[in-house]
1. Output the number of residues of region 210-235 satisfying the condition of being modelled with pLDDT of 90 or more, part of a loop (DSSP other than H, G, I, E, B) and within 17 Å of the chain's Cα centre (by Cα).
2. Out of E109, E101, E116, I need the residue that is free of Cβ contacts under 8 Å to residues at least 40 places away in the same chain, at negative phi and touching a Lys or Arg at 6+ places or on another chain (Cβ under 6 Å). Which one?
3. From the list R23, R135, R119, which one is charged (D, E, K, R), within 28 Å of R292 (Cβ to Cβ) and buried (at least 18 other Cβ atoms within 10 Å of the Cβ)?
4. So, in region 84-121, of the ones that are closer than 26 Å to H137 by Cβ and polar (S, T, N, Q), which residue ends up modelled with the lowest pLDDT?
5. Step by step: first the residues of region 45-65, then only those that are touching a residue at least 60 places away in the same chain (Cβ under 8 Å) and surrounded by fewer than 17 Cβ atoms within 10 Å (Cβ to Cβ), then the one that is farthest from R92 (Cα to Cα). Which residue is that?
6. If a residue must be at pLDDT 85 or above and part of a strand (DSSP E or B), how many such residues does region 246-284 contain?
7. Where in region 1-68 are there strands (runs of 3 or more DSSP E), lying wholly inside it, with at least 2 residues that are modelled with pLDDT of 90 or more and hydroxyl-bearing (S, T, Y)?
8. Please specify each residue of region 120-143 satisfying the condition of being under 27 Å from the mean Cα position of the chain (by Cα) and closer than 29 Å to N13 by Cβ.
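The values are calculated or read from the model by the stated rules, or taken from the named source; none is laboratory data. Here the structure is a predicted model, which means the values were calculated and not measured. Because the Cβ atoms are built from the backbone with ideal geometry, glycine has one as well, and the counts that use them run over all protein chains shown.
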Amino acid sequence: MAASTVKTSSPANTGDREIVITRVFDAPRELVFDMWTDPKHIAQWWGPNGFTTTIHQMDVRPGGVWRLIMHGPDGRNYNNRIVYLEIERPERLVYKHDPEEGSEPVQFEVTVTFAEEGRLTRLTMRMLFPSTEARDHVVAKYGAIEGGVQTLGRLAEHVSKMAAKVAEDPELHITRVFDAPRKLVYAAWTKPEHLERWQGAPEGYTVTSQEVDLRPGGAFRICMRSPEGVDHWLQGMYREVVEPERLVFTHAWLDARGQPGTATLVTITFAEHGGQTELTLHQTGFQSVGSRDGHQLGWTSMLDRMNAYMVTIFGEALS
């Protein structure tokens, strides 16, 4: 893994008020992106050597706010307020340090890009300040350059640990038993009139558009709308359709430009046991722990909603 490189100038007109730090990580960029946007991970590496971080709020979406406290080794606390401007998973993050009362009185904008280089990821962090004086002040008072280099070094250590965990267990397994015949559970999963009633995760999301061609080689495309009104598109293709026993399909989220991300493979089996149905979901192809864990939360929420919906239809308590 390459060490960080630093620039405080560039040929652009903004070069005299920038700091640019680059580091290459021996990990897929989706994993590196996850480590930068998941609060349970970012708290483990954010800040220079000797610092710890407490995250009070982290809403990773355009307009979302991130509030954190960095605890220095000398016991001093540094309050920060950050506002996200752009999120293009897994390629780009743009945010600004926008101080409020009680937080550090520094203002600057950060652009972080994640570029694939084979199996490696080149991360470039560009900090743009209002003026040369503002940049020099942050360098002198807060050690911004050395602190940035050390922070990316801590990220490299954390990414290495998470990449090893993905290598150990890169797959997702979920099993749920429904107190209903297999034919009915399969229908609830595959019929559009049922799907639109329970599909959507996490809680509060709704399905606003759904195109399903349920046959081997057929495609599906679904739009899930968040409570804030943001649309999230999902697409895939069916590889196997064996009614009412088995479904196999690809699964990929689209980014803000409508381009699909890394496709995973989902296999769902429906096994009947004495009038009950055991649904098993197996998903492979994840490039990061965060992606796998995020999908687990999403599928679990959807199965909970499916459970509640089937109770209303069949009048039976499902478990």
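1. The qualifying residues number 0.
2. E109
3. Details: R135 fails: within 28 Å of R292 (Cβ to Cβ); R119 fails: buried (at least 18 other Cβ atoms within 10 Å of the Cβ).
It is R23.
4. Residue satisfying both the conditions and the ranking: S103.
5. Taking region 45-65 as the starting set, the residues that turn out to be touching a residue at least 60 places away in the same chain (Cβ under 8 Å) are 45-49, 61.
This time we only want the ones that are surrounded by fewer than 17 Cβ atoms within 10 Å (Cβ to Cβ), so: 49, 61.
Working: N49: 25, R61: 12 Å.
Going through the qualifying residues, I end up with N49.
6. 27
7. Ranges flagged: 52-58.
8. Kept after step one, since they are under 27 Å from the mean Cα position of the chain (by Cα), are these residues of region 120-143: 120-128.
Passing the criteria: T121, R122, L123, T124, M125, R126, M127, L128.
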